[in-house]
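The values are calculated or read from the model by the stated rules, or taken from the named source; none is laboratory data. Values in this document were obtained by computation on a predicted structure and should not be read as measured data. In this analysis, Cβ positions are derived from the backbone assuming ideal geometry, glycine residues included, and neighbour counts consider all displayed protein chains. Ligands, DNA and RNA are stripped out before the accessible areas are found, and what is left, the full protein with its side chains, is counted by its heavy atoms. Shrake-Rupley method; radii C 1.70, N 1.55, O 1.52, S 1.80 Å.
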Amino acid sequence: MRVRRFSVAFAAAGALTLGLAACGGGGGGDTGATADKATSVVDKVKNTKRIVVGTKWDQPGLGLNTGAGEPQGFDVDIAKYVVKEISGDPNVQIEWKESASSNREPFLANGTVDIVFATYSITEERKAKVTFGGPYIVAHQDTMVRGDAAEITKATDLAGKRICQAAGSNSYKRITDPPPDGKLDLDAKLVGASNYSECVSKLSGNNLDAVTTDDLILAGFAAQGGNFKILGDPFTDEKYGIGLKKGDTKTCEAVNKAVTKMYSDGTAKQIFDKWFGKAQGLSAPTAVPPFEGCA
Ligand code: GLU
């Protein structure tokens, strides 16, 4: 990895206008989840009628919690559908738990959450620690810059530029590392942030040059306004998996069945159109993505 670290002060500008719960992330270790080591999540949810679902809380369009009740977004709606299908019960009580990128693996491993729907790309590194259902959608990494930035028009222009490194996220590696979990292997300068809402605040405050991550995430932020442009130069496939504790293949098979049904009954398209129907350059998938296998 050819990376130079670049430290900048946090820019508060823009954080409020984004209206986001940027400070969350949660502390690991609590035991709100209903799963235990011996039982699959699908059995537990059927028995207890409760489940703890990890989602993002700071990403508009995907998982955003404004504090007025439960989080809202594409991932949240997908989670509700899948939970209803695997439990066979529309009245299961869902406890929503903020799962920032850096918390997803630890929260699954220590039982803080039962299941994760959080813009969670299936990667080779993560497969060693997590069992992934799905993918339920395939996003593509793209890049957002300030509206007046003329010198960055394509992803490879990010060489030498300041890009955001959201903690626990894989997106910066797609720029700075080679495959399998990287892609472009460019020498960019990393500016740390705790999540993508902080990345976007830093972009608007001129503390970095680009936020490069999944097109769905960028579309959600762009829809909130601000002086940004998205390059429209996608360069990866981000297979969004349903995160489960490593080894819970029974639940994995159940969620895959639910995802298949979600596509065949038209719900996947409905949910996509609800959240991204107006986003430029994005269109609803027409078929269920090929599953990765429940390893
Ligand atoms: N999908 C990418 C990942 O899982 C970026 C978004 C995120 O971190 O949630 O790393």
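General remarks:
- Per-residue SASA entry for Trp275, accessible area with 1.4 Å probe, Å² rounded to 10: 70 Å²
- DSSP-defined beta bridges in the chain - what % are antiparallel, rounded to 5: 55 percent
- Heavy-atom accessible surface of the chain: percent carbon and sulfur, 1.4 Å: 51 percent
- For the chain, alpha-carbon Rg and Dmax in angstrom: 18.3, 57
- Helix-only [θ]222 nm of the chain, DSSP H runs n ≥ 4, -39500 (n - 2.57) each, per residue, nearest 500: -8000 deg cm²/dmol
- Gained length - Thr153 relative to Asp187, 0.36 nm times residue gap less alpha-carbon distance: 10.5 nm
- Placed amide H near Asp214: partners under 5 Å, 5+ positions off or other chain: Asp142
- Solvent-accessible area of Arg146, all protein chains in place: 40 Å² (probe radius 1.4 Å, heavy atoms, ligands and nucleic acids excluded).
- The HN-Hα couplings worked out from phi for the range 126-135 by the Karplus form 6.51 cos²θ - 1.76 cosθ + 1.60 (θ = phi - 60°) are 6, 4, 5, 10, 9, 8, 10, x, x, x Hz, whole numbers, x standing for Gly and Pro.
- The range 49-84 and the range 146-167 have their alpha-carbon centroids 30 Å apart.
- Rg and Dmax of the range 98-227, based on Cα coordinates, read 14.9, 46 Å.
- Inter-label distance, nm, simple model (7 Å from Cα along the C-beta direction), Ala109/Asp43: 2.4 nm
- Only lysine pairs 8 or more places apart or on separate chains count here, and in the range 239-295 those with Cα atoms under 22 Å apart total 13.
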